[in-house]
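Participant: Let me begin by handing over the structure; questions about it come next.
The values are calculated or read from the model by the stated rules, or taken from the named source; none is laboratory data. Quick caveat: nothing in here was measured; it's all calculated off a predicted structure. Here Cβ is always computed from backbone atoms with ideal geometry, including for glycine, and neighbour counts include all displayed protein chains.
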């Protein structure tokens, strides 16, 4: 309880600190249970519950191990009553359960092609083991195995006050909180047998290895070094490890970030992390890098880990890190939430009462020798797992050349065979036969010859905002593209057959001579026809399980489904001085026929870390396109 009467607000956090449990074939039961909490109660319907919370202007969220709420102090008693009613008298209905399962499966399916998401899942599974609570993960199959009765059973055995803590901060008195807690939590009964964590202790490998997961859609690689440790907040080494981690990869000026970002330009940022979980700890590094520097990133990461283990840190660097800790610690103590969380840490981690009172004293006591000692103990080098998620055809040859054995896993962390890289195309297959197959697949040469213009309007959603893309094409080589958000043109490109420009945020840049020359030669509205004169068939590659012919030009690759003949992907690249890097990947799908010709009605691409899906809402052939559109 932390009283703070500066603002008329109160926040409340109810946290149940149970040991993690292994859910096995029903992984996901606890998260589903947490998702169903807050859908009303046996006393209040979901609609009425939501309406009351909204009316009071409060925020309340629920999860499998508790709930959190924030409200104006004058409404705190009502909000507290609503929150505890939803927690202790949950309304687990089949209808809400079915919705939760559907949403969970939808989320799992959407994350299947996210390289960052797969990296997070597989990294934990490999580090802890899939038979450990921290290593298991939800799958579509495991979620489908869960029933409403499983959710109720999980709630009845785990959602108990045995290890529960109530944290309240803000404009409210201790007396008032205690009165409310007694009134609304008095009937919450303890469980006699709370499930304990299975005695499975993760172990490190005997010799450093690379664990590789192939993602054919990866334009960047996710590289992590993971090493199992045993380190609790109560351990004598805790403060020294905090400082050592900060030096290695904990802040912008760290060894790793200065190397990978500032010196080599491999990434926007590289970090290391030390988990001091009381059940199973982990030291890990994490960085997203371009495909062409994946092997170099592994080498440089290992070099920096070895550096802090074998070389003493400079006194000035150690002094700066300590000063940074002092500053952030002092600033954090100005927040009521920090004080409350520190008090909770002392309870849940069995820390001495003066742990935070002596925190800065122990940070300042860390020596150069301490840094090297704990780095050797907790930052593994000779027996670590280097987990790499990336595109095999681009990065695997470089990884195999490194002095570490390479193991292969699928996106579910199952051991698998070495992924097949680019295969040679069968005899008789040429760029001409691939393009001919594509032409036949979309309607035939006679049909596409009748297409004089195309007007395609697509929509996507990004962070809740609608994105509209309009593409207009006219023979022989006129193109216009614009992207709008909230009625404003964010990006635009126009070519009128003789010259053109690109526009972004109101700034218009004329096309270069090279761009103009390329545009003049394009076979609008079907650019694939250009491949006959400038493309090279480089082989067969498997894309998301689909065998595809790959045709390469100077700066692009085109992928054609061998069975359907349709183009399913295009990648664009550029030379950044350190090699060729992929700058854009567009996946094409949902081909639909318009006036006898098939067009892709769905295009998936990336905008930064986000996947953008453009869906066609209108496509017209030989209408609504004029010369004025290309001015």
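Participant: Out of all the residues in the stretch 308-319, is one or more in contact with a strand residue (DSSP E or B) (Cβ under 7 Å, 6 or more places away or on another chain) and at pLDDT 95 or above?
Facilitator: Looking through the stretch 308-319, none of the residues is in contact with a strand residue (DSSP E or B) (Cβ under 7 Å, 6 or more places away or on another chain) and at pLDDT 95 or above.
Participant: Surrounded by 18 or more Cβ atoms within 10 Å (Cβ to Cβ), within 25 Å of residue 619 (Cβ to Cβ) and within 37 Å of the chain's Cα centre (by Cα): is that true of residue 493 in this structure?
Facilitator: Taking the combined requirement at face value, the residue satisfies it.
Participant: Oh, and also: Could you say which residue among 119, 86 is closer than 30 Å to residue 208 by Cα and part of a helix (DSSP H, G or I)?
Facilitator: 119
Participant: Do any helices (runs of 4 or more DSSP H) lying entirely in the stretch 277-379 carry at least 2 residues that are more than 32 Å from the chain's Cα centre (by Cα), and which ones are they?
Facilitator: Once the helices (runs of 4 or more DSSP H) in the stretch 277-379 are filtered for at least 2 residues that are more than 32 Å from the chain's Cα centre (by Cα), what remains is 315-332, 359-364, 368-378.
Participant: Then there is this: Among (1) over 30 Å from residue 4 (Cα atoms); (2) touching a helix residue (DSSP H, G or I) at 6+ places or on another chain (Cβ under 7 Å); (3) crowded, with 16+ Cβ neighbours inside 10 Å, which single condition is residue 315 missing?
Facilitator: For residue 315, the exception is condition (3).
Participant: Let me ask something else about it. When you go through 459, 440, 479 one by one, which is the residue that is part of a strand (DSSP E or B), more than 31 Å from the chain's Cα centre (by Cα), assigned by TED's automatic domain parsing to the domain that holds residue 504 and in contact (Cβ under 8 Å) with a residue 24 or more places away in the chain?
Facilitator: 479
Participant: For the stretch 122-140, give me each residue that is surrounded by 16 or more Cβ atoms within 10 Å (Cβ to Cβ) and either modelled with pLDDT under 90 or not in a helix (DSSP H, G or I) (or both).
Facilitator: Selection gives 129, 130, 132, 133, 134, 135, 136, 137, 138, 139.
Participant: Sticking with this one: Any residue at all in the stretch 330-353 that's farther than 30 Å from residue 166 by Cβ and surrounded by 13 or more Cβ atoms within 10 Å (Cβ to Cβ)?
Facilitator: Within the stretch 330-353, none of the residues are farther than 30 Å from residue 166 by Cβ and surrounded by 13 or more Cβ atoms within 10 Å (Cβ to Cβ).
Participant: Ok, one more. Kindly evaluate residue 173 against the criterion of being over 30 Å from residue 392 (Cα atoms) and either modelled with pLDDT under 95 or over 27 Å from the mean Cα position of the chain (by Cα) (or both).
Facilitator: yes
Participant: Tell me whether the stretch 537-551 contains one or more residues that are in contact with a helix residue (DSSP H, G or I) (Cβ under 7 Å, 6 or more places away or on another chain), at positive phi and at pLDDT 95 or above.
Facilitator: So far as the stretch 537-551 goes, no, none of its residues is in contact with a helix residue (DSSP H, G or I) (Cβ under 7 Å, 6 or more places away or on another chain), at positive phi and at pLDDT 95 or above.
Participant: To continue, here is another question. Determine if the stretch 417-436 includes at least one residue that is in contact with a strand residue (DSSP E or B) (Cβ under 6 Å, 6 or more places away or on another chain), without any contact (Cβ under 8 Å) to a residue 60 or more places away in the chain and not in a helix (DSSP H, G or I).
Facilitator: Yes, the stretch 417-436 contains a residue that is in contact with a strand residue (DSSP E or B) (Cβ under 6 Å, 6 or more places away or on another chain), without any contact (Cβ under 8 Å) to a residue 60 or more places away in the chain and not in a helix (DSSP H, G or I).
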